[in-house]
1. With respect to residue 286, determine if the residue is within 16 Å of the ligand (Cβ to nearest atom), part of a strand (DSSP E or B) and either within 27 Å of residue 204 (Cα to Cα) or touching a residue at least 24 places away in the same chain (Cβ under 8 Å) (or both).
2. Out of all the residues in region 324-340, is one or more within 13 Å of the ligand (Cβ to nearest atom), within 25 Å of residue 195 (Cα to Cα) and in contact with a strand residue (DSSP E or B) (Cβ under 6 Å, 6 or more places away or on another chain)?
3. Going through 134, 157, 151 one at a time, which residue ends up being modelled with pLDDT under 85 and not assigned by TED's automatic domain parsing to the domain that holds residue 314?
4. Regarding region 260-282, can at least one residue be identified that is assigned to a helix (DSSP H, G or I), within 16 Å of the ligand (Cβ to nearest atom) and surrounded by fewer than 17 Cβ atoms within 10 Å (Cβ to Cβ)?
5. State whether one or more residues within region 314-331 are over 30 Å from residue 189 (Cβ atoms), in contact with a helix residue (DSSP H, G or I) (Cβ under 7 Å, 6 or more places away or on another chain) and surrounded by fewer than 18 Cβ atoms within 10 Å (Cβ to Cβ).
6. Would it be correct to say that residue 95 is closer than 30 Å to residue 216 by Cα and modelled with pLDDT of 80 or more?
7. State yes or no: is residue 208 more than 16 Å from the ligand (Cβ to nearest atom), surrounded by fewer than 17 Cβ atoms within 10 Å (Cβ to Cβ) and under 22 Å from the mean Cα position of the chain (by Cα)?
8. Could you tell me which numbered condition residue 92 fails, if it satisfies all but one of (1) surrounded by 15 or more Cβ atoms within 10 Å (Cβ to Cβ); (2) touching a helix residue (DSSP H, G or I) at 6+ places or on another chain (Cβ under 9 Å)?
Ligand SMILES: [Zn+2]
């Protein structure tokens with residue numbers, strides 16, 4: 001019964017598995033049918049002429065239990081295309097633990113079985129949270145009507161403001177009447193983080209923003225060249241949809257003067273987008289996006305700015321508290337200074 005209750009509680013969770021509703025129903029119908037077949041009809045010894053077909057199924061419980069040791073010889077299916085709160089590699093690993101009778105089953109049946117098992121291990125609150133995020137992402141994409149807006153622009157040849165100087169595809173969200181909402185997002189969500197994480201670049205005094213959506217894929221922008229943002233702190237949310245490629249590469253934080261300086265080995269950082277997840281980084285963190293090789297990727301960007309920080313910057317020359325190159329130069333200067341002092345000291349004490 002726990003399984004049914006779980007299934008009922010997890011209804012919302014199931015809804016996003018498009019096209020699998022039938023499969024799931026049929027799975028449970030089959031399970032119920034199997035149970036009925038396994039219960040031998042009681043008191044059938046009266047000889048009423050009805051032949052009871054012998055049960056053909058194996059014991060249900062043992063048949064459906066995961067194996068403790070993985071079947072290492074089994075080559076699992078690939079689940080990379082599966083939309084789930086779990087990483088696709090989990091399904092491939094778990095497949096080796098499936099009961100032998102299921103190992104050669106169609107991928108969809110195995111997937112359904114594993115989803116059901118995994119659902120039991122994900123706390124209810126977490127599952128609801130994941131689903132809420134997914135629904136919200138879809139709502140953003142449909143509510144903002146990015147695609148329809150694009151079509152309309154093309155139809156009327158109306159010149160709209162592009163999100164920034166580098167992206168041709170996308171739309172400025174502030175133009176859609178979302179300015180107040182995005183301001184609230186900045187003040188109530190981003191500020192508390194950036195105050196702690198990026199105080200040296202004005203993270204505690206953010207006071208304006210520029211919010212936009214960018215699109216990548218076939219007939220859209222393919223990649224984004226290496227650059228810094230016109231922001232102090234950038235929030236980059238991946239809204240979907242399905243795509244491959246499009247990884248972000250980061251190469252160290254730089255001030256205006258050092259924006260083209262060499263990258264140090266420890267500054268090399270790569271990040272793969274996950275729909276529903278976001279990156280928060282300093283605007284001056286040099287970065288770019290690799291080509292989106294297939295599918296369609298939509299990201300929401302919020303550039304947050306601090307007028308106080310920008311004003312203060314005019315009077316400063318050294319940004320070693322956040323610029324990697326200023327920091328490196330400062331260390332070199334300190335080492336030279338130390339060497340000079342050491343040499344002078346040795347000369348004084350020498351013969
Ligand atoms: Zn610098």
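The values are calculated or read from the model by the stated rules, or taken from the named source; none is laboratory data. Remember, predicted model here, so these are calculated numbers, not experimental data. All Cβ positions, even for glycine, are placed from backbone atoms using ideal geometry, and neighbour counts span all protein chains on display.
1. yes
2. Yes, region 324-340 contains a residue that is within 13 Å of the ligand (Cβ to nearest atom), within 25 Å of residue 195 (Cα to Cα) and in contact with a strand residue (DSSP E or B) (Cβ under 6 Å, 6 or more places away or on another chain).
3. None of the other options fit; the residue is 134.
4. Within region 260-282 (the criterion being assigned to a helix (DSSP H, G or I), within 16 Å of the ligand (Cβ to nearest atom) and surrounded by fewer than 17 Cβ atoms within 10 Å (Cβ to Cβ)), the answer is yes, since at least one residue qualifies.
5. Yes, because at least one residue in region 314-331 is over 30 Å from residue 189 (Cβ atoms), in contact with a helix residue (DSSP H, G or I) (Cβ under 7 Å, 6 or more places away or on another chain) and surrounded by fewer than 18 Cβ atoms within 10 Å (Cβ to Cβ).
6. Considered against the rule, which asks whether it is closer than 30 Å to residue 216 by Cα and modelled with pLDDT of 80 or more, residue 95 comes out as no.
7. Here the answer is no, as residue 208 does not meet what is asked.
8. (2)
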